[in-house]
Each structure stands twice: as C-alpha cells, then as structure tokens.
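First the structure, in the form of structure tokens, and then the observations on it.
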Amino acid sequence: MEEASKVSEFEEIVALIVAAGSGERARKDGAPPKQFTMIGGRSVLQRAVDAFAQCRRVTQIHVVIAPGQEALCEAALITPEAVAAIHIGGATRQESVRRGLAALTARPGDKVLIHDAARPFVSKALIDRVIDALETHEAAIPALPVTDTLKRVAGDSVVGTVSRDALQAAQTPQGFLHGAIREAHENAARDEQAFTDDAAVAEWAGMRVVTVPGDRTNIKLTTADDLAEANAGALAALPDIRVGFGFDVHQFGPGSEVWLGGVAIPHTHGLAGHSDADVILHALTDAILGALGDGDIGQHFPPSDERWKGAASSVFLADAVARVSARGGVIANLDITYVGEAPRLTPHRDAIRARIAEIAGISVGRVGVKATTNEKLGFIGRAEGAVAHAVATIRLPLSD
Ligand code: CTP
Ligand code: MG
C-alpha cells in the first residue's frame with residue numbers, strides 16, 4: 001500500500017474509484033466480488049482504471065477497496081503502476097467515498113471524479129464531459145432521461161404512476177471540487193445522513209449540481225446476469241482469434257533439478273541454457289509471440305544479453321502475456337506437450353498448470369499440460385535433452 005501521492009503545483013484531476021463493496025447481488029459461489037471478476041479477460045476494476053488512464057487530463061487514479069481485498073485487487077490489476085494509491089473503505093459506499101476523499105492530498109480547488117468500479121464501460125468521452133462541466137460548475141454528474149414508465153408499488157400492487165417528466169437516472173463519474181465534496185461528506189457522516197450517491201451529498205450540502213449527458217453503455221453491473229452479459233459482449237469485441245505455435249529444446253547437463261513450467265523439479269541432471277532453461281515456458285512464450293506475429297523469445301531476450309543469464313523464464317512468459325494485454329487482447333488457452341524420458345511430469349502436473357495460469361493471468365482450466373517419453377528413440381530417448389511443444393490461442397480486437 002502506497003502513501004497518497006504528493007501535491008503538485010499543477011491542478012490535479014483525481015479519479016477516485018470505489019471498489020470496496022462485496023457485490024452481494026451479483027455474487028456467484030466461489031467467485032470474487034464483481035469488481036474483481038474478469039469480463040472478456042480483463043477485470044471490471046482494470047477496465048474502470050483503463051478508462052481514466054486514457055484521459056490525459058486525469059492526473060491521478062486512486063482506488064478504494066475493503067480491508068482484506070488487497071490480494072484480490074492485486075490480482076485484478078494488470079497495470080498497478082497506473083494507480084497512485086489504494087485506500088481502505090468502509091461498510092457503505094458513502095463511507096468508502098468519505099475515507100477515499102480524506103486520504104487524498106489534493107488541494108480544495110482540485111477536481112475529483114468519484115466513480116463506481118462497477119461501471120467498467122465508462123467512456124473517455126463521458127469522463128471528458130464531466131471534466132468540461134467542472135470548468136464552470138462546482139458539481140457535475142452524467143445523467144440519462146428515464147424512458148420506462150415508473151410505478152409506485154406496494155407488495156405486488158401498483159399504487160401509483162410517477163411522472164417521469166423531470167426524472168433522470170444518475171451515473172458516475174460524478175465530479176466535484178475536492179474541498180467542497182470532502183467537507184460535505186464529513187458533515188453528512190457527522191450528522192448520520194445516508195445517501196446513495198455523491199451528488200445527493202452535495203445537494204444536501206447546498207451545492208449546485210449540473211448534469212451532462214450520460215451514456216447508455218455506462219451501466220452499473222449489479223446482478224450475475226449483468227456480469228454474464230458483459231462478459232459475452234466483451235469477448236464478442238475480440239473477434240480476431242489467433243493460434244501460435246512454439247517449440248524449444250535444451251540439453252541435459254550437470255545439476256540436481258530442472259525448471260519445467262515454472263516449477264523446480266528434483267532430477268539427476270539439470271537442463272543447460274543461458275536462463276533457467278525452462279523448455280516449457282520458452283515454448284509457451286514463443287507460442288504467444290507467434291500468435292501476436294511479434295518475433296520470438298531470442299529477439300526480445302537475446303542470449304547475448306547478460307541480463308538474462310540465469311533468469312527465471314517466468315519473466316519471458318509474463319512479457320509475452322503483457323504484449324497481448326497491450327494489444328487489448330486476452331489469452332484463450334495455453335497447451336503444452338513435454339517430450340523427455342525423465343523426469344516424469346505427472347506428479348507435478350497440477351503445480352505446473354497452476355504456475356502457468358498464475359503467470360498468464362488466466363484460470364487453470366485454460367492451461368493444458370501433457371507429457372510423453374520418446375520411446376527411447378533418438379537424442380531424447382538417450383536422455384541427452386528434452387523438448388517442449390506449445391500452442392497458444394489468443395483473442396484480439398479487429399485490426400488489419
Ligand atoms: N462500494 C464501496 N464500498 C462499499 C459498498 C460499495 O466502495 N461499502 C462500491 C462498490 O464496490 C461499487 C460501487 O460502490 O463499485 C457501487 O456499489 P454497488 O453496485 O452497490 O456494489 P456492491 O455494494 O459491491 O454490491 P451489492 O450492493 O450488490 O452488495
Ligand atoms: Mg451496494
């Protein structure tokens with residue numbers, strides 16, 4: 001956990017993303033709270049962070065999580081460097097925002113954009129509209145006219161129809177001057193006033209809140225159905241499905257363990273190579289690079305470079321994975337076959353699958369690990385070396 005970043009001499013526009021909820025309404029057994037789940041290979045929280053990171057005017061991004069969510073948050077963020085600081089929230093959304101605002105070191109005149117992590121599809125254009133409105137107003141929120149007819153209901157009976165003429169549905173990010181909204185939140189907490197959004201806190205404090213057009217796609221993921229639909233939509237946006245192939249061979253030499261699939265396995269020999277000689281991770285790295293059409297492992301990590309001497313090959317695989325993310329894509333699956341007389345891989349299969357899944361940031365079910373001997377034939381059969389073959393499937397946005 002980092003300290004809040006220093007106050008600069010320039011105006012700050014701070015994004016404060018609240019992600020400290022438990023996501024009860026969307027909860028599925030065994031799944032993390034909705035803000036940390038994957039949609040289309042990227043977490044809900046990461047998508048919200050990405051939206052603000054794309055806005056050059058936003059100078060800092062802060063995230064609020066609940067105590068105990070640190071590991072989930074770390075796993076959900078592929079660009080932790082984009083986040084200035086992570087703060088601990090409270091039992092309600094309002095309390096999470098209050099704590100987040102209190103933790104910022106912004107000056108009173110700096111702008112703050114308070115956003116629900118549960119709205120991952122917020123667009124740069126929408127964020128820009130809120131920032132623009134803050135040039136001339138102390139508070140601005142995106143809102144959309146209500147299109148459904150609204151009914152007042154008691155039990156299952158309609159008891160009235162509410163005119164929707166003047167009604168709009170509020171979204172986030174909601175923008176304010178930091179000093180004013182921070183004070184309003186402190187006062188609301190002191191007076192035990194409960195509100196469901198920050199504009200309501202601002203209204204209660206007597207601030208004038210203006211609206212800018214919201215966006216239909218900026219939905220708040222609330223139910224499990226919302227998540228499933230978002231996941232399907234996000235995958236549909238990655239129609240360029242590509243397969244890459246990788247192959248590697250290393251010679252056995254002196255040693256007492258071999259690195260295979262990111263796991264150290266005791267053996268009568270070691271594998272010789274410039275790095276840790278992990279044939280499986282090398283083949284996988286090349287498979288991903290192949291699918292990207294982005295060279296090979298030797299091009300990105302030349303054996304002539306002293307930096308990679310004895311390096312853990314997880315670095316190479318992680319780099320290839322990051323290249324997929326940088327292209328806006330995801331890894332659909334990874335599959336390897338190890339060919340060697342020894343060591344036997346079966347006892348280590350689960351550990352290897354788990355390690356590869358961890359490095360690649362995908363679920364274990366998307367990693368295949370298989371092994372075969374070479375029936376004592378050839379250089380593999382004579383245990384002079386071992387080989388790995390790998391295939392990677394990735395999904396990318398459409399490009400030429
Ligand atoms: N939130 C928060 N702290 C809380 C409660 C909510 O930071 N104590 C955040 C959520 O993480 C979410 C946003 O506020 O990004 C909007 O809240 P909501 O959609 O209600 O999320 P949850 O409270 O997590 O979901 P649920 O109400 O279904 O439990
Ligand atoms: Mg809630």
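The values are calculated or read from the model by the stated rules, or taken from the named source; none is laboratory data. Since we're looking at a predicted model, the values are computed, not measured. Every residue, glycine among them, receives a Cβ derived from its backbone with ideal geometry; neighbour counts consider all protein chains shown. For the accessible areas, the whole protein counts, side chains as well, though only heavy atoms, and no ligand, DNA or RNA atoms are used. Shrake-Rupley method; radii C 1.70, N 1.55, O 1.52, S 1.80 Å.
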Open item on the list: For the pairs Lys111/Lys220; Lys34/Lys124; Lys124/Lys220; Lys34/Lys370, flag any whose C-alpha to C-alpha distance is greater than 26 Å.
Closed with: Lys34/Lys370
Task: Between segment 340-365 and segment 276-319, the alpha-carbon center distance in angstrom - done: 17 Å
Task: Integer Hz, Karplus 6.51/-1.76/1.60 couplings in order for segment 183-193, x for Gly and Pro - done: 5, 4, 5, 4, 5, 4, 5, 4, 8, 6, 8
Task: For segment 108-168, accessible area per residue (1.4 Å probe, heavy atoms of protein chains only), Å² - done: 51 Å²
TODO: Rank Ser363, Ser314, Ser304 by mean-square fluctuation in a GNM of the chain with C-alpha springs under 10 angstrom and give only the top-ranked residue.
DONE: Ser304
Task: Label-reachable residues, segment 217-238, where backbone N falls under 19 Å from a point 7 Å from Asp128's Cα toward its Cβ - done: 217-218
Task: Span from the segment 58-74 Cα centroid across to the segment 137-151 one, whole angstrom - done: 28 Å
TODO: Mind putting a number on the dipole of the chain about its Cα centre? Charges go on the C-beta only, +1 for Lys and Arg and -1 for Asp and Glu, and I need it in Debye to the nearest 20.
DONE: 660 debye
Task: At 0.890 mPa s and 25 °C, Stokes diffusion of segment 337-400 via Kirkwood alpha-carbon radius, µm² per second - done: 182 µm²/s
TODO: List the residues whose amide H sits under 5 Å from the amide H of Leu16, counting only those 5 or more places along or on another chain, with H placed 1.01 Å from N in the peptide plane.
DONE: His62, Leu113, Ile114, His115
Open item on the list: With viscosity set to 1.306 mPa s at 10 °C, what whole-number translational diffusion coefficient in µm²/s follows for the chain from Stokes-Einstein and a Kirkwood radius over Cα pairs?
Closed with: 67 µm²/s
TODO: With a cut-off of at most 10 other beta carbons within 10 Å, and DSSP calling the residue loop, which trypsin sites (Lys or Arg not before Pro) in segment 202-250 qualify? Please list them.
DONE: Arg208, Arg216
Open item on the list: Pairs of alpha-carbon atoms within less than 8 angstrom and 6+ residues apart define the contacts here; what relative contact order does the chain have, in percent?
Closed with: 15 percent
TODO: Tally up the carbon and sulfur contribution to the accessible surface of segment 289-331 as a whole percent, 1.4 Å probe, everything protein left in place.
DONE: 52 percent
- [ ] Please report the relative contact order for segment 147-251, taking Cα pairs under 8 Å with a sequence separation of at least 6, and give it as a percent rounded to a whole number.
- [x] 15 percent
Task: DSSP loop GluC sites (Glu not before Pro) with at most 11 other Cβ within 10 Å: longest gap in the chain - done: 193-374
